[in-house]
Ligand SMILES: [Zn+2]
């Protein structure tokens, strides 16, 4: 029954995530891309220290039966935020990571489990057809793929187990970008060179040290909003040419930039305007503390992007409940990229973070909605580093980006705030989207991740109506900490409630419940969700069998009303070995008792009202 728990060191390779704002998302036919995470929301209290070992122990307790003889759960990484810690474990088979076999657990600062998202496979049901791929063979497969694709590696390749239709095989996983920057894919190739899996990681849009104050002229947020006009003559892109009406909509702002070697540079500690994606247009610098470009000049997009992205980055970094990893690495921004197409996208392969804006039709970096939407994808990646796969995860990320864009627009001006991409879209080039639809789940779902995202942006804007910009932005941004692959719309609602509980003591529970309930994303009644901490009616000790066999932790449940819980462990002679006290009325895990020799023990539990003593045995 017991498998030795071996912690396997795995190279941390995160899948690339590219998300974009306009084009239609080509649906995947791969089973791994449509998996839905199983969720577990039992509000267990993990007593004692929260670390890799105790979290792993708890997850193995929950999921151990899925690991079979040759599988294991191995620590991958964890993140910290203002609401708690967020842990990702990878499932392995024969010590090799299983592609998309993974689990995330979110634990509040108080040690309470907020949620578990499980995408691990039930290995006893899987037909194990894995083989050993030698390093030499692996190098050969990578070489062949690079030649075939005329590409270069974007991250360290790894040997993985790929599971499809219940069969596990071994393959080499690699992220390859075309040398001419025209595309980027993840591939998994079998030992005999067969392509097992492929995904386009570049999803085309159809959709500092700041040490000097400089002035710059920017659109704020876009020329149509400030002019209170809709797209149409004379407010036309007109192939990026200057026109008096458009140039007059530029607003003078001051902001900090880097100053180095006599030049003001569009860079700070969080982001940098740079050149890395074709066409080659180097960012502008200035010897004077002033950047004044008209819209036809290439420098205008640099300045506009720098101003809005910096302002927004500083703003979100001021929140308490958000991820500590926000801007942990500097974001690289190319405002003239995507081969000049009408595309913008975010590309993250930790620790490389890139935003790329195209110039087709209205230059994307001229519209703050596009800038903030793409920054939203980056904020999501900083907060959970996931690769945006399965369930409704992709649509959720699009909706989050649209929400941030709409929230920023509405803060700047009420004029047509709900039109996302006010300048870049809602014209004959690109339809754009809206953040105040009356869409409900699941009735209004399509297979288009951008249109489905309107459900998320609209729901969050409903909350904005009541709570305003800052509180809602913080709720949304902090919720990203808990997000994971394979999540569904309902999970967004539940994580928002969790974050409100962790961050605001549940002050907005009924508002959040009613918004998501009206949107069809949360069913049930208010008391079920807003009285989250309900537990057993009597003292209950479980897991004694596992303790007997493997010295695994035991669980303890006490009635909801208990204010204080005392636990004593005695040996068979009645000698007190350990005592434990807890003032939370929760489910508690008793662990760290594996040092005990085999034998009989007594666990005694006392609350103000009840007492229970149970004999437990330890086999080894
Ligand atoms: Zn997007």
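The values are calculated or read from the model by the stated rules, or taken from the named source; none is laboratory data. Everything numeric in this text was worked out from a predicted model, so none of it was measured. Cβ placement follows ideal geometry from the backbone for every residue including glycine, while neighbour counts extend to all protein chains displayed.
Side notes on the structure shown:
- The lone exception for residue 133 - which of (1) in contact with a helix residue (DSSP H, G or I) (Cβ under 9 Å, 6 or more places away or on another chain); (2) under 30 Å from residue 480 (Cα atoms); (3) in a loop (DSSP other than H, G, I, E, B) it fails: (2)
- Flag for residue 319 being assigned to a loop (DSSP other than H, G, I, E, B), farther than 23 Å from residue 415 by Cβ and either touching a helix residue (DSSP H, G or I) at 6+ places or on another chain (Cβ under 8 Å) or modelled with pLDDT of 95 or more (or both): yes
- Test: residue 103 is more than 30 Å from residue 449 (Cα to Cα) and either at pLDDT 85 or above or away from the ligand (no atom under 16 Å from the Cβ) (or both): no
- Residue in the range 331-353 that is nearest to the ligand (Cβ to nearest atom), counting only those that are under 21 Å from residue 368 (Cβ atoms) and assigned to a loop (DSSP other than H, G, I, E, B): 343
- Verdict on residue 497 being buried (at least 22 other Cβ atoms within 10 Å of the Cβ) and either under 15 Å from the mean Cα position of the chain (by Cα) or under 16 Å from residue 116 (Cα atoms) (or both): yes
- Extreme residue, surrounded by the fewest Cβ atoms within 10 Å (Cβ to Cβ), among residues of the range 390-433 that are within 16 Å of the ligand (Cβ to nearest atom), part of a loop (DSSP other than H, G, I, E, B) and at pLDDT 85 or above: 432
- One residue stands out in the range 48-85 among those that are under 23 Å from residue 558 (Cα atoms) and touching a helix residue (DSSP H, G or I) at 6+ places or on another chain (Cβ under 9 Å): the one that is surrounded by the most Cβ atoms within 10 Å (Cβ to Cβ), namely 61.
- Residue 387, sole failed condition from (1) more than 24 Å from residue 37 (Cα to Cα); (2) in a loop (DSSP other than H, G, I, E, B): (1)
- Residue 352, sole failed condition from (1) under 29 Å from residue 156 (Cβ atoms); (2) in contact with a helix residue (DSSP H, G or I) (Cβ under 9 Å, 6 or more places away or on another chain): (2)
- Residue 371 passes every criterion in (1) more than 19 Å from the chain's Cα centre (by Cα); (2) more than 21 Å from residue 471 (Cα to Cα); (3) within 13 Å of the ligand (Cβ to nearest atom); (4) assigned to a helix (DSSP H, G or I) apart from (1).
- With respect to (1) in contact with a helix residue (DSSP H, G or I) (Cβ under 7 Å, 6 or more places away or on another chain); (2) within 15 Å of the ligand (Cβ to nearest atom); (3) assigned to a helix (DSSP H, G or I), the lone exception for residue 461 is condition (2).
- Failed criterion for residue 449 (all others in (1) closer than 12 Å to residue 400 by Cα; (2) at pLDDT 95 or above hold): (2)
- Under the condition of being at positive phi and in a helix (DSSP H, G or I), the residues counted in the range 36-57 number 0.
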